[in-house]
Amino acid sequence: MRMKRRALALALATAAISGAASGEPAKPKVEMHRTQVAIKDADGWYPAKSTRGRFSVLSPIPFNDYSITFDDPNIGELVLHGVGGKSADGMEFGAIETVRTARQKDVDLRQLVANVAAKQGAAVPEVRPERVGDEDVAHAEFQGRSRGVVMRASKTQVGVYTVVCEYPGAIAEQAKPTCRDYVASFRVED
């Protein structure tokens, strides 16, 4: 349930950046597609292809696959698709697609990263989005009060994608390589 709350918070942050969510949105509808998917590839990672979203990522742990939908009076129906999980040592892995609506403003990737950093109590890292194929992509790493984050934020014509790996500061040395591999494995599907 915690992963769903984090996903909803991230979706609301994305919506707020893009000009939505001036008031309380309607109660979200959560659809769980799969839980604790534990099928590994030859390298021991879990291929996480979103059931309804347009993305995939390789997870180092079993993952949940879900969609969350709610109506916002400013932008209409807001839909997000996600995959993610939390490890026994406190690492959290999440990839979320927020489907764009016709009434949404463009998302500022720098601001999206800044919001995640502020939530962690971290200094806002310098972010330089770049064009990669059909995506505008920004990467960031930062350490907050007690947790660190490796993330990727991107946008296309159809969606905003946020991939976050969060870890306890006490295990930063071991966690960062795993987080970097996780974030680097993310792919937008056609």
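The values are calculated or read from the model by the stated rules, or taken from the named source; none is laboratory data. Predicted model, so just to flag it, every value in this text is computed and none were measured. Positions of Cβ are backbone-derived with ideal geometry, glycine not excepted, and every protein chain shown enters the neighbour counts. When the accessible area is computed, the model is the full protein with side chains, heavy atoms only, and any ligands, DNA or RNA have been set aside. Shrake-Rupley method; radii C 1.70, N 1.55, O 1.52, S 1.80 Å.
Using the Karplus relation 6.51 cos²θ - 1.76 cosθ + 1.60 with θ = phi - 60°, the per-residue 3J(HN,Hα) values for the range 184-190 come to 5, 7, 5, 9, 7, 9, 7 Hz, with x marking Gly and Pro.
Put simply, the amide H of HIS33, placed in the peptide plane, has neighbours under 5 Å in ASP65, TYR66, SER67, leaving out anything fewer than 5 places away on its chain. For SER59, the amide hydrogen comes within under 5 Å of the amide hydrogens of TYR46, ALA48, counting only partners 5 or more places away or on other chains and with H modelled in the peptide plane. Quote to one decimal, in nm, the extra length available between ASP181 and ASP43 on full extension: 0.36 nm per residue of separation minus the C-alpha distance between them. In short, 48.5 nm is gained.
Straight-line cross-link partners of LYS176 among the aspartates and glutamates, defined as a Cα under 19 Å from its Cα and at least 8 positions apart when in the same chain: ASP43, ASP89, GLU92, GLU126, GLU141, GLU166. Ranking HIS33, HIS81 by solvent-accessible area of protein heavy atoms (1.4 Å probe, all protein chains present), from largest to smallest, gives HIS33, HIS81.
The phi-based Karplus calculation (6.51 cos²θ - 1.76 cosθ + 1.60; θ = phi - 60°) puts the 3J(HN,Hα) values of the range 76-90 at x, 6, 9, 10, 10, 10, x, 9, x, x, 10, 8, 5, 8, x Hz, whole numbers, x for Gly and Pro. In the complete set of protein chains, residue-level accessible area for ARG110 is approximately 130 Å², probe 1.4 angstrom. Ranking of THR69, THR98 by solvent-accessible surface, largest first: THR69, THR98 (1.4 Å probe, protein heavy atoms only, all chains present). In the context of the full protein assembly, GLU135 retains an accessible surface of approximately 20 Å², using a probe radius of 1.4 Å and ignoring ligands and nucleic acids.
Run the helix sum for the chain: -39,500 (n - 2.57) per DSSP H stretch of 4+ residues, divided by residue count, reported at 222 nm to the nearest 500 deg cm²/dmol. My calculation for the chain gives -7000 deg cm²/dmol from helical runs alone.
Spacing of the modelled spin labels on ALA172 and VAL132, each 7 Å from Cα toward Cβ, amounts to 2.4 nm. Counting only residues at least eight positions apart within a chain, or on another chain, the aspartates and glutamates with an alpha carbon under 15 Å from that of LYS49 are ASP41, ASP65, GLU97, GLU189, ASP190.
Under 25 Å of direct C-alpha separation, and excluding same-chain neighbours fewer than eight residues apart, LYS27 reaches these lysines: LYS4, LYS86, LYS105, LYS119.
For the range 48-190, treating each Cα as an identical point scatterer without solvent, what Debye log10 I(q)/I(0) comes out at q = 0.14 1/Å? Treating every Cα as an identical point scatterer, log10 I(q)/I(0) equals -0.65.
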